[in-house]
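Here, each number is a calculation from the coordinates, and none is a lab measurement. Since this is a predicted model, take the numbers as computed values, not measurements. Cβ atoms come from the backbone with ideal geometry, glycine included; neighbour counts cover every protein chain shown.
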Amino acid sequence: TERPRHQGMAKNTNMRWRLPLVCLLWEAAMIVLFGVFVRFGTEADAHWEEEKGEMNLTSDMENDFYFRYPSFQDVHVMIFVGFGFLMTFLKRYGFGAVGFNFLLAAFGIQWALLMQGWFHSFKDGKILIGVENLINADFCVGSVCIAFGAILGKTSPIQLLVMTLFQVTLFSVNEYILLNLLHVKDAGGSMTIHTFGAYFGLTVTRVLYRPNLEQSKDKQGSVYHSDLFAMIGTLYLWMYWPSFNSAISDHGDAQHRSAINTYCSLAACVLTTMAFSSMLQKKGKLDMVHIQNATLAGGVAVGTSAEMMLTPYGSLIVGSISGIVSTVGYVYFTPFLESRLHIQDTCGIHNLHAMPGLIGGIVGAITAAAATEDVYGKEGFVKAFDFTGVYQTRTASIQGGFQAAGIVVSLLMAFAGGAIVGGILKLPIWGDAAAENCFEDDIYWEVPEDEESDVYHMHNPDKPASP
Amino acid sequence: TERPRHQGMAKNTNMRWRLPLVCLLWEAAMIVLFGVFVRFGTEADAHWEEEKGEMNLTSDMENDFYFRYPSFQDVHVMIFVGFGFLMTFLKRYGFGAVGFNFLLAAFGIQWALLMQGWFHSFKDGKILIGVENLINADFCVGSVCIAFGAILGKTSPIQLLVMTLFQVTLFSVNEYILLNLLHVKDAGGSMTIHTFGAYFGLTVTRVLYRPNLEQSKDKQGSVYHSDLFAMIGTLYLWMYWPSFNSAISDHGDAQHRSAINTYCSLAACVLTTMAFSSMLQKKGKLDMVHIQNATLAGGVAVGTSAEMMLTPYGSLIVGSISGIVSTVGYVYFTPFLESRLHIQDTCGIHNLHAMPGLIGGIVGAITAAAATEDVYGKEGFVKAFDFTGVYQTRTASIQGGFQAAGIVVSLLMAFAGGAIVGGILKLPIWGDAAAENCFEDDIYWEVPEDEESDVYHMHNPDKPASP
Amino acid sequence: TERPRHQGMAKNTNMRWRLPLVCLLWEAAMIVLFGVFVRFGTEADAHWEEEKGEMNLTSDMENDFYFRYPSFQDVHVMIFVGFGFLMTFLKRYGFGAVGFNFLLAAFGIQWALLMQGWFHSFKDGKILIGVENLINADFCVGSVCIAFGAILGKTSPIQLLVMTLFQVTLFSVNEYILLNLLHVKDAGGSMTIHTFGAYFGLTVTRVLYRPNLEQSKDKQGSVYHSDLFAMIGTLYLWMYWPSFNSAISDHGDAQHRSAINTYCSLAACVLTTMAFSSMLQKKGKLDMVHIQNATLAGGVAVGTSAEMMLTPYGSLIVGSISGIVSTVGYVYFTPFLESRLHIQDTCGIHNLHAMPGLIGGIVGAITAAAATEDVYGKEGFVKAFDFTGVYQTRTASIQGGFQAAGIVVSLLMAFAGGAIVGGILKLPIWGDAAAENCFEDDIYWEVPEDEESDVYHMHNPDKPASP
């Protein structure tokens, strides 16, 4: 019962040899590289039993595992269930949303452990990993999941793997420049994850512009149940975002503070999103697209500043603004980007990640510049911004300047990287579908011939229902 | 393709200006009040680095964040995914269930941080917040989510926000009376959250009685998939309830004990629920309504006593009884409440929260009254009931009496508060729908014109399917 | 509107008295046994306040609750949401999948607390329980959930409860033999949970062989939405598996290491599963059955060795292989098992648990045999394998031999136990459905007469749609 509309398909989307080849070769490469480079860090190695004594630790509780593992698991849920289900809103692309997100993230975390390891955890020729590396790998992949949102439904799984390979690499370079060279703070990744990931993805989708995409317009919407599946993703992202922003902050007050700031920002964001969603619609009805996405902007927008003394009311302000900006973006900017700039942004990552990411970077720069020893305490000030060693003499306002520079660097890396990677993905060898077959699981997945597909055919009375 | 049956709608349910106005003004008020009052508590403030030394703490692990944050996240999931998805069982009210729960909870936690803060965390003119405040705010909002269950499908989002404003206020007053004036123990909130929340909601729905509700009877049921969505809510509530009941217990054995008691009670509850669900039905088939709800009664019913020495077998007994009571309630009491007392209880909160909440209060009073130094140990006894300061001379039996008084106070507050708030919500300005449009997302939400709605029209052959 | 095809049903599947009787009597037995035997362990008892001093503990943080509770909650989610939703893939058996899993697990954890308690936590006539017992009870029930996967859709709830009673008992005996008599390490349960559970279930389903099962063939597949529900189960199992394998490892580096190894193994497994899923299909399309299941094999396959010094690259290798084996199993072995060996394995537990469980046992034996003081450190080596007391003189290679013996014992217990229990379940008194009614919720559940069922009838134009 092959559907007739697929017969017109000119492109070869058969993945049978290409996808297995890429997956198996790359996994083999991972095994070799892990074999050469990756070992357990001190706190995960069996020698810990002896080193604990040397490090003068009285309790196993001092192992970083207990400081960070609960947050790690929350972040893990955000990457796989959060992003995966958030993108199931399309009526016939649920398998692709969850499944391809699963694939690219599973590959990406391995490659990120290596890339970030070489930059940050390299010692005596080995990458020493612990729970913090796992979190950072998940973070890095988060930026790829964001970019995936822009090209959702329009790319083959191989293209996604190729993009992941390059984006993880560029992410790690950008992160190294920001954290190590500019000595910028960005624990929740407003700049490194959201700004970089979103503008990278937007640039890629611009390069991959499909002029005939309206041919699959009937599949670009949601159905009732798919919107509920998407809300699973939304809520897990929303609920666990305090863990995301606090996961790699310093032990103690910094983790505690990050969680509170993020909690406040997100709560405020929900109210302004609902307000503008209703206001911008003639009949005053709420739009699930806004509720699914713009309610999360508050988490993005405090990504840099959450671990700083942003204060709860500061968080409410940032969250309120970002909810408004994001909702307005869905109503006015997304159509504009598509019609004028030829940026086809399936999930509206410009509204959820790009603009709130910029806000997050700017708020972070301002909060850093405004920091004083009075507000942080003498020791707290030094600890919060790590003004030790060569950075001993850096002042708050200089730090603010470097934070601002971090935004610019992230943007430049995103535009340049996205243009190059977009160009690579445009090669006609990756098996992407024709415009009329976009947003359709049937191209890359065995889809059950079910009741719904019969209902689907009801719209097309000239086509017989399957037996 | 506007559906004809909506044309008969007399009431103005357009939210375009009212909802945005309420959301934005209230959020602005939150910002101002947070700006004036809310600051980070010691353990979340950057000064912690210095105060740690003064407090003689050797490790960052002693920060309350690490004692409570994992439980906080579980509670957070219960409020937003647990309650949200539990209410998606209705066939055409999934957006409203998840979305309005999201809205009211996001507003409620902000207002609760203030209200509870003034009562419990106020120092030198400032409310100092930490992770325990976040948990308590979520708890407070939990009681609003419960009340929402009674009026699900029959109210506008503005009514829900108004109810939240008042209920959070009354909750905080009631909680203050119980915890501070009566010195009652109620860590899992059998009285403060469940008894209060449920009888408040039942009183509100009584005041809002709709005589013509059978006009939307066809939408009051579930469909196959909506029952599975609801099971997501059920399971997350069930699994994380041990965290709920232990989240704000004392560090150490009390948190540990609360989790074990709740785990046991809930396990027993599932078996008696299944037994009675099958027994009370002629064909012996299980009813998803019972499985979705009554299985949770065991968590409610040990809310007060879980942190006490209830013992595992005591928990099994309490869980078993509450499962029976709750299931019997769904079969016999709910129809009775509707037909005789005009209490229209959409989700059956009388069975899931009201009766089990009362059981919980009573079990708590008995367990407290029966406490001895032999069972708790000398130090443990004092610590468990906080018999210090002015309460140094209180005995177990007197404590039991005060616990019982806590139930009565909670009931009175719920009835009085519910009556007043119900009266306010009855004003014809809030935009609630006509009886024939209840339980229908289409009133307040942009609903995709999807396959299912076509199927829906199959029942009404006189109405043409959408093109 | 009784469906005609059910009228031919010869068997009595009415549960009205049988199911309630079993549930209530057994729960009563639990209450009595808990009353006689179960008490709080030291760390959950109110006496902890005093014993803390005697145990020379300076902080409440040293309570095992804080080391294990976050992992416990993750495991809890895996058992109830993970296994429950993984099995919702069938188009008309979602209620049974989630609901019966809920029922058997809720009973099983109570019985497991007793059985495992008698073997491992028995002191002065009492079973003393704490958070580690809760985790172990969940683990034990996990093996029943696995066996449930083989007989999904073909058994009555009473049969499942009977199976649970016996399987938990046998699990505990097998676990005692392995952990206490053979002194084998198996923290993630490759042998005790997966190998035992899967071969037990496969033997049971062999004994219960239904020659006419093709009569319900139309219900053995999935529909689009049911595949997405199943992905919820998959992802929660996948994400939380690092918690599963590390939950009862030693405090400190062992828990840390287990999580890292499992994270790596699972990531690799996704890539090889995707590769083979595409490769083994003519059109190169991915199959959701593989993605839902084989991606998890990597967690099973490091269950024994994750807490050892398997190393990250070792984990990648094990994960890669198990993904391939599992996917190949779904394509070639499952049909073979059904047609030749008459093993009807609904969920393919042979591919997800049996074979990867064997791999896990073997990898564990090899990793143990290869352990050296050089790799583990002198103290770490003794601690990792608990070579103290009577085991002081055991060497790594001897340990490897005992590990291998553990696999054999688990297999023998599974085959013998499964044959006996299968025989008991074959008695014609348990109310299982006729072959034509398998995989159909309608037999044991009140199923809403919904739109979808109408669509269902569209296939059968001779049957009128419900009014």
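Roughly how crowded by other chains is peptide A:287-294, in terms of the mean Cβ count from those chains within 10 Å of each of its Cβ atoms?
Numbers: counts 2, 8, 1, 1, 6, 1, 0, 0.
Taking all residues of A:287-294 together, the mean is 2.
May I ask you to report, in nm to one decimal and beginning with the shortest, the distances from C:G401 to the same position in the other copies, taking label points 7 Å along Cα-to-Cβ?
7.2, 7.2
Within segment A:146-209, which chymotrypsin sites (Phe, Trp or Tyr not before Pro) sit in a loop by DSSP and count at most 16 neighbouring Cβ atoms inside 10 Å? List each step's numbers first, then the result.
Working: sites: A:F148, A:F166, A:F171, A:Y176, A:F196, A:Y199, A:F200, A:Y209; in loops: A:Y209.
Filter output for segment A:146-209: A:Y209.
Net charge near B:K219: determine it from the other residues with C-beta under 9 Å of the C-beta of B:K219, scoring Lys and Arg +1 and Asp and Glu -1. Walk me through the numbers before you get to the answer.
Values: positive: B:K91, B:R92, B:K217; negative: B:D218, B:E440.
Counting the neighbours of B:K219, the net charge comes to +1.
Could you give the length gained on full extension between C:N12 and C:R394, defined as 0.36 nm per residue of separation minus the Cα-Cα distance, in nm?
Values: separation 382, 0.36 × 382 = 137.52 nm, distance 5.71 nm.
That works out to 131.8 nm of additional length.
I'd like the distance separating the alpha-carbon centroids of segment A:86-104 and segment A:22-37, in whole Å.
Computed from Cα coordinates, the inter-centre distance equals 26 Å.
Excluding residues fewer than 8 places away in the same chain, name every one of the lysines whose C-alpha is closer than 21 Å to that of A:K217.
Filter leaves A:K11, A:K91, A:K154, A:K463.
If you average the alpha carbon positions of segment C:166-195 and of segment B:193-269, how far apart do those two centres end up, in angstrom?
36
Using Cα atoms only, what is the angle between the long axis of helix C:18-37 and the major principal axis of chain C, expressed in degrees (0 to 90) to the nearest 10?
10
Based on DSSP, what percent of beta bridges with both residues in the protein assembly as shown are antiparallel, to the nearest 5?
45
How much net charge surrounds B:Y330 when only the other residues with a Cβ under 11 Å from the Cβ of B:Y330 are counted, with Lys and Arg +1 and Asp and Glu -1?
Values: positive: none; negative: B:D287, B:D345.
Combined, the nearby Lys, Arg, Asp and Glu give -2.
For chain C, place one equal point scatterer on every Cα, skip the solvent, and apply the Debye formula. What is log10 of I(q)/I(0) at q = 0.08, 0.09, 0.11 Å⁻¹?
Normalising to I(0) and taking log10 leaves -0.47, -0.60, -0.88.
When Cβ neighbours within 10 Å are restricted to other protein chains, what is their mean count per residue of peptide B:230-238?
Mean number of neighbouring Cβ atoms from other chains: 5.
Just tell me which lysines come within less than 24 Å, Cα to Cα, of A:K126; anything on the same chain fewer than 8 places away is out.
A:K52, C:K378
Please give the FRET efficiency for B:K378 paired with B:L181, using the beta carbon to beta carbon distance and R0 = 35 Å, rounded to the nearest 0.05. Walk me through the intermediate numbers first.
Numbers: r = 27 Å, r/R0 = 0.77.
After rounding, the FRET efficiency stands at 0.85.
Among the aspartates and glutamates, select those whose C-alpha is under 12 Å from the C-alpha of A:K185, and discard any that sit fewer than 8 residues away in the same chain.
Here the aspartates and glutamates satisfying the reach criterion relative to A:K185 are A:E175, A:D250, A:E307, A:D386.
Please rank B:K91, A:K126, C:K123, fewest neighbouring Cβ atoms within 10 Å first, as an exposure proxy. Display every interim value, and only then the final one.
Working: B:K91 25, A:K126 15, C:K123 11.
Fewest-to-most ranking of B:K91, A:K126, C:K123: C:K123, A:K126, B:K91.
Suppose you put the label 7 Å out from Cα in the Cβ direction; list, shortest first and in nm with one decimal, how far C:V36 is from each other copy's label.
Result for C:V36, in nm, nearest copy first: 6.5, 6.5.
For chain A, what does -39500 (n - 2.57) per DSSP helix run (n ≥ 4), summed and divided by total residues, give at 222 nm, in deg cm²/dmol to the nearest 500? Before the final figure, lay out the partial values.
On the way: 19 runs with 276 residues, N = 467.
Computed ellipticity for chain A at 222 nm equals -19000 deg cm²/dmol.
Specify the angular offset, from 0 to 90 degrees and rounded to the nearest 10, of the alpha carbon long axis of helix B:224-246 from the longest principal axis of the alpha carbons in chain B.
It works out to around 10 degrees.
Using only Cα atoms and rounding to the nearest 10 degrees, what angle (0 to 90) does helix B:253-279 make with the longest principal axis of chain B?
Compared with the principal axis, the helix lies near 30 degrees.
Let me confirm one metric for peptide B:14-26, namely the mean number of other chain beta-carbon atoms within 10 Å of its residues' beta-carbons.
Values: counts 6, 10, 8, 3, 2, 8, 10, 3, 3, 12, 8, 1, 2.
Across the residues of B:14-26, the mean count of other-chain Cβ atoms within 10 Å is 6.
In segment B:70-427, if the dipole is taken from +1 on Lys/Arg beta carbons and -1 on Asp/Glu beta carbons about the Cα centre, which of B:P312, B:F166, B:L341 is farthest to the positive end?
Result: B:L341, furthest along the dipole toward the positive end.
Using a 7 Å offset from the Cα along the Cα-to-Cβ direction at both B:A370 and C:H120, what is the distance between the two label points in nm, to one decimal?
With each label point 7 Å from Cα toward Cβ, the separation is 3.0 nm.
What gaps in nm, shortest first, separate A:D64 from its twins in the other copies when you place the label 7 Å past Cα toward the beta carbon?
Label point to label point, same position, other copies: 2.8, 2.8 nm.
Using a 7 Å offset from the Cα along the Cα-to-Cβ direction at both B:T58 and B:A28, what is the distance between the two label points in nm, to one decimal?
Rounded to a tenth, the inter-label distance reads 5.4 nm.
With an 8 Å Cα cut-off and a minimum separation of 6 or more residues, compute the relative contact order for segment A:70-427 in percent. Walk me through the numbers before you get to the answer.
Details: 671 pairs, mean separation 83.7, N = 358.
Averaging sequence separation for qualifying contacts and normalising by length gives 23 percent for segment A:70-427.
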